[in-house]
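The values are calculated or read from the model by the stated rules, or taken from the named source; none is laboratory data. A quick note: this is a predicted structure, and the numbers were derived from the prediction, not measured. All Cβ positions, glycine included, derive from the backbone under ideal geometry; neighbour counts span all protein chains shown. To get the accessible areas, we keep the full protein, side chains included, count just its heavy atoms, and leave off ligands, DNA and RNA. Shrake-Rupley method; radii C 1.70, N 1.55, O 1.52, S 1.80 Å.
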Amino acid sequence: MKHILVFLILFGFMGLGIAQVDVQRMKVKPKDEKPPIDMYEIISHERDTTFVDTTLSIKKDYKFNYLRRDDFELLPFSNVGQTYNSLAVDFSSKHLKPKFVAQSHHFNYYQIEDINYFNVPTPLTELYFKTAFEQGQQLDAFFTVNTSEQFNFSIGYKGVRSLGDYQHILTSTGNFTFTTNYHTKNKRYNVRAHIAAQDVLNQENGGLTANSLELFRTDDDEFSDRGRLDVNFENAENKLEGLRFYFEHEYELFAQRDSTSYNVLKIGNAINYEDKFFEYRQLTPYSPYGESYENAELLTKTKLEDFNASMYANLSSNLFGNITAFTKYTDYNYGYNTVIQLADELIPNRIKGNIVEVGAVYQKEYRGFELNGKAAININGDFDGNYVEGSAGYALDKDNKATASISIHSVAPNFNFLLYQNDYINYNWKTEFNNVKTQELKFQLQSKKLADVSISYTGIDDYAYFAIRENDSTPTPQQFGDRVDYLKVKLEKQFEWKQFALMNTVMYQNAVRGSEVFNVPKIVTRQSLYYKDEWFKKALYLETGIGFKYFTKYNMNAYDPVLAEFYVQNGEEIGGFPLVDLFFNGKIRQTRIFFKWENFNHLFKKSNDFFSAPGYPYRDAVIRFGLVWDFFL
């Protein structure tokens, strides 16, 4: 993989040289005139097009973090690059085969749908930097260029290394991406491809010991240096690594366009191959996890090889709408290199096979309604699965839009629910679980005058989860025999008065049924009160104020480092503590600068009750800063 990265980096510099010649030849604009910002296009996997945004807003502050997206529904662990505990559950992902293991390490893992493609009139570079915790930084560097009007490539790397405040929680992560897209001069043939090489390394300590937890809660001054607090072990680490190649092309077979109608027929093909592994390594066993097969170093590697090939036909018509039919073939190989014989069962080493999937997508605007539908089903293979989703949106006026949607989804639980092996004897199982079946009704209102409101009601049958059984010491996969019903209401609204603004986000949740296995806080709220103005003859635009986040107490899920998964626990309530930040953000030309004093209110507390998971404290008060800098050459 290192050879591939070196080759791509060299290729990138070669492309830059070519670009400098070709861009001059293109003569988009005279040198003293910059192309308009909306010419710097960002094209999503779904082919939706936006453009580079260099503005500063409170929502940009919410996205200025390790994930580079709004983390309102997440609670980070103490060190950047570690996992997040979920304060809400999202069921929008639709897939027809099990997901890989270690889902707690996938928050920062780029899926195919997360990769963007670009079309720019001049070379564009973006640099993101933010301080971390103790001997570390985080950087996200990106470059893209069109060597001609037809061909673009981009190269990016996001990396984090942070020691952390507590013992043995070093993180080291990297996300390398290379994308390219091309179209012929008549735009009938289009190609796009990407390579993604990613790794997430976390040292694990099992959380604080019982004695250290007491010292932390009482805020003993002698232990304000968190590195002095004892942890359960200091000899373990886990790592997720993946390498993906993706290629897609499409051809326009037929096109009829005139002033009154259009009909365009395209065919396409996409191929991708991904190789992933997760390993847990520990120098000596930790006795609370139970007996182990090894008395010295423990090392278990879980692998997945995943190949997918799809074909599709798309008809775009003013009369019929946008219709896509597709078929997809998947070949998967998940597992280990050993077979384990337990006292009462044999644990196999592989789940391998193939799946054939067919489906369709529909979009149309009809009498003011935006109609969308998508459905797919596995027609052959070892895993059954299907989903159907549909929505209808209507613009009531220019300031108000309402959307109603429904979805039904059936899919097998993740691979580590079905088969798992480890050097710890307790972490070995082979199960025969039913598909997890979800049904969701959702209503959304986007209103500039009222608020943005989202209401969803989700029913889940055969819900799969991890939990510790009675008389056990480690979590195992389980499936709920009853139904889970989950209500989620989210509201967002900003109020403005002169140079002041108050941004509000409030979420209410309730596990109407199944609350013993489905834990979420009733209320999650975030407010930002800030002042905004232009200073120094409008050379600086600033936003400065105070941020507040709070969630009610609930039985927060616990974290297991061997699985790198969260599991249900009902013995300890966590929450009810406010998180208060002071921030100063500014914009000078294309540069946005961020200063934040995180968890500022911790300085005034006489005891510590803030945790990211049982046994894992949240962050202390800390001042962090960083910037996002866009270069338009």
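Out of the residues in segment 84-108 that are in contact with a Leu (Cβ under 7 Å, 6 or more places away or on another chain) and assigned to a loop (DSSP other than H, G, I, E, B), which is farthest from residue 275 (Cα to Cα)? Please lay out each step first, then the result.
So in segment 84-108, the residues in contact with a Leu (Cβ under 7 Å, 6 or more places away or on another chain) come out as 84-87, 98, 100, 102, 105, 107-108.
Those still in the list that are assigned to a loop (DSSP other than H, G, I, E, B) too: 87, 98, 100, 102, 107-108.
Details: 87: 30, 98: 15, 100: 11, 102: 15, 107: 18, 108: 17 Å.
Restricting to residues being in contact with a Leu (Cβ under 7 Å, 6 or more places away or on another chain) and assigned to a loop (DSSP other than H, G, I, E, B), the top hit is 87.
Based on this model, can you work out whether residue 268 counts as over 26 Å from residue 557 (Cβ atoms), outside any strand (DSSP E or B) and open to solvent by less than 50 Å² (accessible area, probe 1.4 Å)? Give the derivation first.
On the way: over 26 Å from residue 557 (Cβ atoms): yes; outside any strand (DSSP E or B): no; open to solvent by less than 50 Å² (accessible area, probe 1.4 Å): yes.
So residue 268 does not fit the description; no.
Scanning segment 406-439 for residues that are aromatic (Phe, Trp, Tyr) and in a strand (DSSP E or B), which turns out surrounded by the fewest Cβ atoms within 10 Å (Cβ to Cβ)?
First, the residues of segment 406-439 that are aromatic (Phe, Trp, Tyr): 415, 417, 420, 424, 427, 429, 433.
Now drop any that are not in a strand (DSSP E or B), which leaves 420, 424, 429.
Working: 420: 22, 424: 21, 429: 18.
This residue is 429.
Assess whether residue 414 counts as being within 26 Å of the chain's Cα centre (by Cα), over 15 Å from residue 440 (Cβ atoms) and among the polar types (S, T, N, Q). Working first, answer last.
Working: within 26 Å of the chain's Cα centre (by Cα): yes; over 15 Å from residue 440 (Cβ atoms): yes; among the polar types (S, T, N, Q): yes.
It is true that residue 414 is within 26 Å of the chain's Cα centre (by Cα), over 15 Å from residue 440 (Cβ atoms) and among the polar types (S, T, N, Q).
Go through (1) on the phi < 0 side of the Ramachandran plot; (2) touching a strand residue (DSSP E or B) at 6+ places or on another chain (Cβ under 9 Å) one by one and return the number of the condition residue 514 breaks.
(1)
Working only within segment 140-178, note down all residues that are of a type in the set (Gly, Ala, Ser) and not in a strand (DSSP E or B). Quick ask: steps written out before the conclusion?
Taking segment 140-178 first, the residues of a type in the set (Gly, Ala, Ser) are 141, 148, 154, 156, 159, 162, 164, 172, 174.
Once the filter is applied, which keeps residues that are of a type in the set (Gly, Ala, Ser) and not in a strand (DSSP E or B), segment 140-178 yields 148, 164.
Here are some residues: 558, 511, 501. Which one is open to solvent by less than 20 Å² (accessible area, probe 1.4 Å), of a type in the set (A, V, I, L, M), modelled with pLDDT of 95 or more and within 30 Å of residue 231 (Cβ to Cβ)?
Details: 511 fails: within 30 Å of residue 231 (Cβ to Cβ); 501 fails: within 30 Å of residue 231 (Cβ to Cβ).
Result: 558 is the single residue among 558, 511, 501 that is open to solvent by less than 20 Å² (accessible area, probe 1.4 Å), of a type in the set (A, V, I, L, M), modelled with pLDDT of 95 or more and within 30 Å of residue 231 (Cβ to Cβ).
Residues being closer than 17 Å to residue 266 by Cα and among the β-branched types (Val, Ile, Thr): count how many of those fall in segment 165-203.
Of the residues in segment 165-203, 2 are closer than 17 Å to residue 266 by Cα and among the β-branched types (Val, Ile, Thr).
Per-residue answers, yes or no, for (1) over 20 Å from residue 109 (Cβ atoms); (2) assigned to a strand (DSSP E or B):
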| position | (1), (2) |
| --- | --- |
| 134 | yes, no |
| 138 | no, yes |
| 180 | yes, yes |
| 187 | yes, no |
| 198 | no, yes |
| 215 | yes, no |
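Looking only at residues that are in contact (Cβ under 8 Å) with a residue 24 or more places away in the chain and assigned to a strand (DSSP E or B) in segment 505-517, which one is farthest from residue 527 (Cα to Cα)? Break it down stepwise before answering.
Residues of segment 505-517 that are in contact (Cβ under 8 Å) with a residue 24 or more places away in the chain, as a first pass: 505, 507, 509-514, 516-517.
Of the ones still in play, those that are also assigned to a strand (DSSP E or B) are 505, 507, 509-513.
Numbers: 505: 6, 507: 12, 509: 18, 510: 21, 511: 25, 512: 27, 513: 30 Å.
Within segment 505-517, the match that is farthest from residue 527 (Cα to Cα) is 513.
Quick check on segment 361-384: of everything there that is of a type in the set (Lys, Arg) and either outside any strand (DSSP E or B) or open to solvent by less than 60 Å² (accessible area, probe 1.4 Å) (or both), which residue is nearest to residue 326 (Cα to Cα)?
Step one: of segment 361-384, the residues of a type in the set (Lys, Arg) are 364, 367, 374.
Okay, now just the ones that are also either outside any strand (DSSP E or B) or open to solvent by less than 60 Å² (accessible area, probe 1.4 Å) (or both), so 364, 367.
Details: 364: 18, 367: 28 Å.
Filtering first and then ranking leaves 364.
Look at residue 387 and say whether it is hydroxyl-bearing (Ser, Thr, Tyr), open to solvent by 40 Å² or more (accessible area, probe 1.4 Å) and assigned to a strand (DSSP E or B).
Taking the combined requirement at face value, the residue does not satisfy it.
When you scan segment 241-254, do you find a residue that is open to solvent by less than 80 Å² (accessible area, probe 1.4 Å), without any contact (Cβ under 8 Å) to a residue 60 or more places away in the chain and aliphatic (A, V, I, L, M), even just one?
Looking through segment 241-254, none of the residues is open to solvent by less than 80 Å² (accessible area, probe 1.4 Å), without any contact (Cβ under 8 Å) to a residue 60 or more places away in the chain and aliphatic (A, V, I, L, M).
Could you list, in sequence order, the residues of segment 550-574 that are part of a loop (DSSP other than H, G, I, E, B) and within 23 Å of the chain's Cα centre (by Cα)?
In the first step, residues of segment 550-574 are kept if they are part of a loop (DSSP other than H, G, I, E, B); the result is 552-553, 555-557, 561-564, 569-573.
Of everything in segment 550-574, those that are part of a loop (DSSP other than H, G, I, E, B) and within 23 Å of the chain's Cα centre (by Cα) turn out to be 556, 557, 561, 562, 563, 564.
How many of the residues making up segment 190-238 are without any contact (Cβ under 8 Å) to a residue 40 or more places away in the chain, exposed (fewer than 15 other Cβ atoms within 10 Å of the Cβ) and not basic (Lys, Arg)?
Final tally of qualifying residues: 8.
For segment 358-375, check the following and say yes or no: at least one residue is closer than 22 Å to residue 304 by Cα and not polar (S, T, N, Q). Reasoning before the result, please.
Keep residues of segment 358-375 that are closer than 22 Å to residue 304 by Cα, which gives none.
Within segment 358-375 (the criterion being closer than 22 Å to residue 304 by Cα and not polar (S, T, N, Q)), the answer is no, since none of the residues qualifies.
Could you grab me the full set of residues in segment 217-248 that are part of a helix (DSSP H, G or I) and among the small types (Gly, Ala, Ser)? Spell out the reasoning first.
Pass one, segment 217-248, residues part of a helix (DSSP H, G or I): 217, 221-223, 226-228.
Answer for segment 217-248, where residues must be part of a helix (DSSP H, G or I) and among the small types (Gly, Ala, Ser): just 227.
Residues are listed down the side, and each one gets a yes or a no for (1) among the aliphatic types (A, V, I, L, M); (2) farther than 23 Å from residue 95 by Cα; (3) not in a loop (DSSP other than H, G, I, E, B):
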| residue | (1), (2), (3) |
| --- | --- |
| 441 | yes, no, yes |
| 470 | no, yes, no |
| 477 | no, no, yes |
| 485 | no, no, yes |
| 493 | no, yes, yes |
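Quick one: would you say residue 140 is out of contact with any strand residue (DSSP E or B) (no Cβ under 8 Å at 6 or more places or on another chain), acidic (Asp, Glu) and farther than 30 Å from residue 314 by Cβ? Give the steps one after another, and end with the answer.
Details: out of contact with any strand residue (DSSP E or B) (no Cβ under 8 Å at 6 or more places or on another chain): no; acidic (Asp, Glu): yes; farther than 30 Å from residue 314 by Cβ: yes.
No; evaluated as a whole, the condition is false for this residue.
Within segment 521-553, count every residue that is out of contact with any Ser or Thr (no Cβ under 6 Å at 6 or more places or on another chain) and closer than 17 Å to residue 506 by Cα.
Selection size over segment 521-553: 11.
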